Amino acid sequence: MRREGTPSLRRTLRVSAIAVVVVASAATLMALYLTQSAGAEIETDRNAFVDEQRIADHIVALTYQQQLEAFRYLQDLKEEHRRAFDVRGDSAEAEMQLYLFQQLSPAARLEVERMKEAHQQFEVTAHRVLELAERGERDEAQRRNAQLAGGAAVLDSSVTGFLLARIAQRSALQTRYAALTARVRVSLALMGVALLALAGILSRQLERRVLAPLNQLIAVAKQISGGDANARVPPQKYAELEQVALSFNDMAASIHRARETTETQNDELRESLDQLHRAQGELVQREKLSAMGQMLAGLAHELNNPLASVLGIAELLRIEMKASNDSATRHLGAELAEPLAREAERARDLVRNLLSFSRKSSGMAEPVALSAAVRIAMGLRASAFTQAGKRLEMEVPPTLYVMADVQKLEHIIINVANNSLDAMSAASGTVLRISATQDGDDRVRLVLEDDGPGFANPAAVFDAFYTTKPADQGTGLGLTLVQQFVHEFGGEVSAENREGGGARVVVRMRSAKPPVQPDLAPAVNPRIASGSHPVIPRPQPPRTTAVPRAPGRRRRILIVDDEASLREIQRRLLSQENVDVLLASNAEEAQQTLLTEPVDLVISDLRMPGRTDGRGLMAWIDATLPHLTPYTLVVSGDTHGAQNGDLELPSTRVLSKPFTRDEYLSRVRALLSTTRD
Amino acid sequence: MAFGLLAILACRDPEPYRIGVVLTATGNPGAVLATEFINRNGGIGGVPLVLVNLGDSPTGSAPLALDAAERLVADPRVLAVVGHSNSSASLAASQVYNSRHVVQIAPTSTTPLFNRAGPWSFRLVASDEYQAPFIAAAVAAEHPDRVAVVYVNDVYGRSLNSLLAHELEKSKIAVVATLPYVETESANQSDLVSSLAKYRPTLLVWLGRSAYFDDITAPLGKALPGLRVLASDGFGGRTARLDSSVLGEVRHVRLVDMNRADTTLQRVRQLYREREKTEINDEAALSYDAVLLLAEAIRRVGPDRARVREWLSHVGRDAPAYNGITGPIAFVNGGSRKAQYSWGIAHAASPVPRRAP
């Protein structure tokens, strides 16, 4: 924006240029005029002088010719000489009259008049002499001839006088022209000096008013390029330069802002890149964990069968040896079989926990027994705490249920436990205590606190990638995921340092009612699904091939398992139950038995080799012997698959391997109690 | 005091207007009479007119005329000049006046060359181109047996002689002799008379002035008794030594009809006669009119040389002619007046100073 009253540089330069042009033009014109006028005057005078000289030459020539003709006439008295005398005289007179209209000086003009008078006098004198001669008075004429010569001499003198006057006039004129030329030269020199001075002044003004501001501009530009972002061009006098200064300052401000923005964006990009690297690491870690979970799931499944055999055999040994009459045997049972069974149970629990942790999350919040989740998590980290010389304590009432995804809930507890263990291992602290209480009507408050060093910055512990651990030990995402999971449940989480030392993480979650336990009576219309078998609705046709149980006979249980040891263990466990046990090593064999023998309860492994596994067998029973469907018990090392997805069975018809004798028998008894007599 | 000074200045006589006069002794009184007439009637708009009179200097000489002209133009107060008395002098001085931008009114200059004098030069008579036929007609009317022509050998006499020779030739009048003279030629006057006598003319045409004629009147009357003389305008109308008993009638060309019925002219003639004890001549009457004409110009356009010249250039052309005592004045022919010739009879007069050589 142009300020009011700001002079215009363009106008100033234009006025200056016009002034220079006007002065230069005036000086040039004046010089030209002086030169040309002087030249013209000199030329005119020169031409006039040449003309006058020519006239004078003619006059001299004519008067001499006239004299000559006069003398000739005196010699021969021929009339032609007399006429020639008159003609020459008239011509000379006419030539003299030409002087009348020449620009002559007074002196020259006076000489002309004298010359004319002399000529007129000469003519009259000559005329008198010629008259004498004509009258025959030749002697007198000859005597007067000297008088005629005198007149001619006077005439010559007059002509010469005129020429001398003209020469004097010309000299004066030349002197005047010389002076004029000198004045012109001096004037031109002065004009040149004036023009140089004017040019100098204009140059100085140009430098002061244009170049100086431009130098300011350059200096400020250098300052800015040198890093001084606050350098600005000062206000300028002229509108155009003011506009340039304002534009330059705006540009500098824009550059400054752009630089700040770029730096900010660079920081953000750098931070994003770091986050990306860390996320990439975390992703890799999670992929590793995912792969590890899958591996753990497979490993646990494979372990379950031998572990089930070991546990079953150990319990059978313990029971048998305990019932032995031999004290040494009983002692040996107490010394060996019981620890064996106990360790087998511990191994079973560990495998179960691994399986539970490696399960895929459903992503849905549902009522979860908080104590069970805590127990599973603690079970997974118990060994680590023990090895580090730390303790895990739990005080969670079994009545507390929360709305959560059990996997994520376990993840929450394990993450906090890991953090606590790392902190206590690196510094001080001995125990992580996990407790939970009802918080109002609809909230449960889960508290995880240790006596370690506490948080360095409690406000930042939930920030992504915030970590105080060494770079190769933490991703900074653990507690961030904790917060994310809790928010997904509709809860809140906070972190703080305990007053007496140590860290405390408080999780508040929506409380939930315990899920309704299904009746122990067989579910009606259970649905069986399988990844490889289509869902077969339970058929309604009446039984046609099943063999009914004869009245008064003992109940029959068909055990289907491809592991011979497990078939034997189950058979031994049921040996005290007043039932008949039928054994089948695969599904086809079981189907054949069922078609030929009355069976009250089918206990089948889920994974078996052959064309039909446990799932196929369950489907076949559902289709062929639907009345028997409620009296089927699935025993599997991967019960999660039986409950979530593949087989939709109530928990009363599912038993996980490895199992204890009590678990097995209680489940069998429960099912048998519902069978019809 | 200042008021008093202003009053004194206001009461001072105004600076008079000045007109230069370079005339003969017989012509100059005409200008004087005109000036007296103007001043008697309140001057020019209340401003008196003064003549810068160079006296009766030998104005007929061209070199002396130049000197007089230079002296006049050197005075910036001189608004115009009336002069000079003959063609040679007027023509020579005209270049001074034209180069210095001063109006010149020549009362009696008749040479044709004066038409080329310049825009600042006017004359109150016609060119000799008209006088030559007038004289030739008079010569023819005389039926002379032998005609001789004497002319003054200057620009006036040479041109008039040339024109007259042409006219006489047209009229088939033979001229037995054509003789020049110069007014400074006192030593050879007898030669001129002797030459004339040899040719025995019965009619002499005198193309010159009266002064030199006075010198040869007596020998001429003795050598050629009864000789009739016709003189040009330069003769002036009177001669000091005219002896009609010796010489025949002497007639001369008059540029002004002095007998015209103009009361002013007659009153001026009377005044002139009373003051100069002789009859007024052409130069005096024309000078009278020249002064009146310049006074009228100054009265009309103010005391400015250029404006006076401009006003004069319109007189008789796109402005009315000026009525002087010599008749209407109209510069219709290159600054010259329309011809109005008549013949006068020369008479004896009291001696007048001889023009200086």
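Restricting attention to region A:70-83 and to residues that are among the hydrophobic types (A, V, I, L, M, F, W, C) and surrounded by fewer than 22 Cβ atoms within 10 Å (Cβ to Cβ), the residue that is farthest from residue B:74 (Cα to Cα) turns out to be A:77. Condition first: outside any strand (DSSP E or B) and under 17 Å from residue A:493 (Cβ atoms). Now tell me which residues in region A:443-466 satisfy that. Answer for region A:443-466, where residues must be outside any strand (DSSP E or B) and under 17 Å from residue A:493 (Cβ atoms): A:454, A:455, A:457, A:458, A:459, A:460, A:461, A:462, A:463, A:464, A:466. Number of residues in region B:80-101 that are within 14 Å of chain A (Cβ to nearest Cβ) and hydrophobic (A, V, I, L, M, F, W, C) equals 5. Any idea how many residues of region A:321-341 are surrounded by 14 or more Cβ atoms within 10 Å (Cβ to Cβ) and out of contact with any Lys or Arg (no Cβ under 8 Å at 6 or more places or on another chain)? Count: 3.
For region B:107-126, a residue qualifies if it is away from every other protein chain (no Cβ under 14 Å) and either of a type in the set (Phe, Trp, Tyr) or buried (at least 24 other Cβ atoms within 10 Å of the Cβ) (or both), and the qualifying residues are B:107, B:108, B:110, B:122, B:123, B:124, B:125. Considering region A:54-76, the residues that are in contact (Cβ under 8 Å) with a residue 24 or more places away in the chain and not hydrophobic (A, V, I, L, M, F, W, C) include one that is nearest to residue A:150 (Cα to Cα), namely A:67. Count of region B:165-209 residues, restricted to those that are of a type outside the set (A, V, I, L, M, F, W, C), more than 13 Å from chain A (Cβ to nearest Cβ) and either over 20 Å from residue B:232 (Cβ atoms) or outside any helix (DSSP H, G or I) (or both), is 5. Considering only region A:222-262, state which residues are in contact (Cβ under 8 Å) with a residue 24 or more places away in the chain, small (Gly, Ala, Ser) and part of a helix (DSSP H, G or I). The answer is A:239, A:245, A:252.
Results for (1) assigned to a strand (DSSP E or B); (2) under 25 Å from residue B:173 (Cβ atoms); (3) touching a residue at least 12 places away in the same chain (Cβ under 8 Å); (4) touching a strand residue (DSSP E or B) at 6+ places or on another chain (Cβ under 6 Å), shown as yes or no for each residue.
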position	(1), (2), (3), (4)
B:91	no, no, yes, no
B:94	no, no, yes, yes
B:108	no, no, yes, no
B:129	no, yes, yes, no
B:132	no, yes, yes, no
B:136	no, yes, yes, no
B:145	no, yes, yes, no
B:157	no, yes, yes, yes
B:160	no, yes, yes, yes
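Residues in region B:178-236 that are modelled with pLDDT of 85 or more, closer than 30 Å to residue B:125 by Cα and of a type in the set (Gly, Ala, Ser): B:208, B:231, B:232, B:234. Looking across region A:293-346, the residues that are more than 22 Å from residue A:662 (Cα to Cα) and hydroxyl-bearing (Ser, Thr, Tyr) come down to A:327, A:329. Checking region A:176-185 against the condition returns no match, with no residue being of a type in the set (A, V, I, L, M, F, W, C) and within 14 Å of another protein chain (Cβ to nearest Cβ).
Considering the conditions (1) in contact (Cβ under 8 Å) with a residue 24 or more places away in the chain; (2) assigned to a helix (DSSP H, G or I); (3) out of contact with any strand residue (DSSP E or B) (no Cβ under 8 Å at 6 or more places or on another chain), residue A:304 is excluded by exactly one of them, (3). Please work out if residue A:189 is away from every other protein chain (no Cβ under 14 Å), touching a residue at least 12 places away in the same chain (Cβ under 8 Å), in a helix (DSSP H, G or I) and farther than 21 Å from residue A:67 by Cβ. No, not satisfied. When A:139, A:156, A:86 are checked against the criterion of being farther than 30 Å from residue B:74 by Cα, part of a helix (DSSP H, G or I) and within 12 Å of chain B (Cβ to nearest Cβ), A:86 stands alone in meeting it.
Checking each residue of region A:91-105 against the condition of being among the charged types (D, E, K, R), touching a helix residue (DSSP H, G or I) at 6+ places or on another chain (Cβ under 8 Å) and part of a helix (DSSP H, G or I) gives at least one match. Taking the criterion of being at pLDDT below 90, of a type outside the set (A, V, I, L, M, F, W, C) and more than 20 Å from residue A:428 (Cα to Cα), the residues of region A:368-397 that qualify are A:375, A:379.
Suppose the filter is within 17 Å of the chain's Cα centre (by Cα), among the aliphatic types (A, V, I, L, M) and farther than 23 Å from residue B:30 by Cβ; does residue B:155 pass it? Considered against the rule, which asks whether it is within 17 Å of the chain's Cα centre (by Cα), among the aliphatic types (A, V, I, L, M) and farther than 23 Å from residue B:30 by Cβ, residue B:155 comes out as yes. Annotation: of all residues in region B:305-323 being touching a residue at least 40 places away in the same chain (Cβ under 8 Å) and out of contact with any strand residue (DSSP E or B) (no Cβ under 7 Å at 6 or more places or on another chain), the one that is farthest from residue B:30 (Cα to Cα) is B:306.
For region A:187-205, check the following and say yes or no: at least one residue is crowded, with 16+ Cβ neighbours inside 10 Å and either acidic (Asp, Glu) or out of contact with any helix residue (DSSP H, G or I) (no Cβ under 9 Å at 6 or more places or on another chain) (or both). Checked region A:187-205: no residue is crowded, with 16+ Cβ neighbours inside 10 Å and either acidic (Asp, Glu) or out of contact with any helix residue (DSSP H, G or I) (no Cβ under 9 Å at 6 or more places or on another chain) (or both). Tallying residues that are more than 9 Å from every other protein chain (Cβ to nearest Cβ) and out of contact with any Lys or Arg (no Cβ under 7 Å at 6 or more places or on another chain) within region A:100-110 yields 2.
When each of A:543, A:555 is tested for being of a type in the set (D, E, K, R), more than 30 Å from residue A:415 (Cβ to Cβ), at pLDDT below 75 and more than 46 Å from the chain's Cα centre (by Cα), the lone residue that passes is A:543. Consider region A:549-598 and keep the residues that are assigned to a loop (DSSP other than H, G, I, E, B) and small (Gly, Ala, Ser). The one that is farthest from residue A:627 (Cα to Cα) is A:585.
The values are calculated or read from the model by the stated rules, or taken from the named source; none is laboratory data. In this text the structure is predicted, and so the values were computed from the model without any measurement. Neighbour counts run over all protein chains shown; Cβ positions are idealised from the backbone, glycine included.
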